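Below: one structure, written as structure tokens.
FYI, it's all coordinate maths here, none of it is from the lab. Keep in mind the model is a prediction, meaning the values are calculated, not measured. Methodologically, a virtual Cβ is constructed for each residue, glycine included, from the backbone with ideal geometry; neighbour enumeration extends over all protein chains shown.
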Amino acid sequence: MKTPSSAASLPHAVVTADVVDSRRTAAFPAVRDRKLKAATALHTRQKLIVSPYTITAWDEFQTVLTRPGHVPRLILDLRRIFFPLELRIAVGLGAASGVRRNPINIHAGGEAFERARQAADWLKFGSSKFRVLTRFETGSATLNLVANTIYGLQDSLLERTTAKQWAAIGVQLETGSQDLTAKKLRLRASTVSRNLRRGHYWQLVEAARAMESILNADL
């Protein structure tokens, strides 16, 4: 990719997510706010996002990442933090401006936001032969094909992930050690290993690493 001529044209990553069937969740605003607070704290500490998550509608929120290569990690975190709620996660890559002014849904704009909206609309109204909860719009047909194929498969893997499996995945992501994960969850190491395997932890990690490399190389 050619070097951009101005800061506004630098590639940004915008994530727009909404909660599936939010009206069926009791006390949804409180649940939403608690989970967004946890996600904001984690991703601010890890320097993955430019500013706190912004609520753009009843069940929709948005953020701008510090770099596109962080998208895979953020997607995985949002899925585990919001479980058992399901998210449609739309990713738009491209130029953007005003990304450091809050709230971003008022002050920021550009093709990254437009592409995230395009991806979000596809998730709500597009057609597919299988259930898809993640969509990329990047401005590159090849990158779209790669990213959407990987995440279409990943969405299928996660469809039957249980609460115990998500708990093991979440702690394992934090500790990086099955022994420490077992100790923190007060479970046998064999139980943790089984939950990670059945939750497709290793596939999730490898897919995230592959997508991070692809995004960093492409951008």
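Structural remarks
- Partners for LYS183 among lysines (Cα-Cα distance below 22 Å; same-chain residues under 8 apart left out): LYS164
- Cα-based reach from LYS124 at 14 Å (exclusive), listing aspartates and glutamates while leaving out same-chain residues under 8 positions away: ASP18, ASP21, ASP59, GLU60, GLU86
- For the peptides 65-74, 187-196, residues were scored by their other Cβ atoms within 10 Å and the scores averaged per peptide; the highest-first order is 65-74, 187-196.
- Computed [θ] at 222 nm, helices only, for the chain once each DSSP H run of length n ≥ 4 contributes -39500 (n - 2.57): -17000 deg cm²/dmol
- Whichever lysines have a C-alpha closer than 21 Å to that of LYS47, once near sequence neighbours (fewer than 8 apart) are set aside: LYS35, LYS37
- Near LEU48, once Lys and Arg are set to +1 and Asp and Glu to -1 for all other residues with Cβ below 11 Å from its Cβ, the sum equals +3.
- Neighbour-limited loop hits for trypsin sites (Lys or Arg not before Pro), the range 81-143 (at most 14 other Cβ within 10 Å; DSSP other than H, G, I, E, B): ARG100, ARG101, LYS129, ARG131
- Among the GluC sites (Glu not before Pro) within the range 114-200, those in coil by DSSP and having at most 13 neighbouring Cβ atoms inside 10 Å are GLU159.
- Chymotrypsin sites (Phe, Trp or Tyr not before Pro) within the range 16-81, DSSP loop, no more than 14 other Cβ atoms inside 10 Å: TRP58
- Dimensionless Rg/Rh of the range 146-196 - Kirkwood Rh, Rg from C-alpha atoms: 1.09
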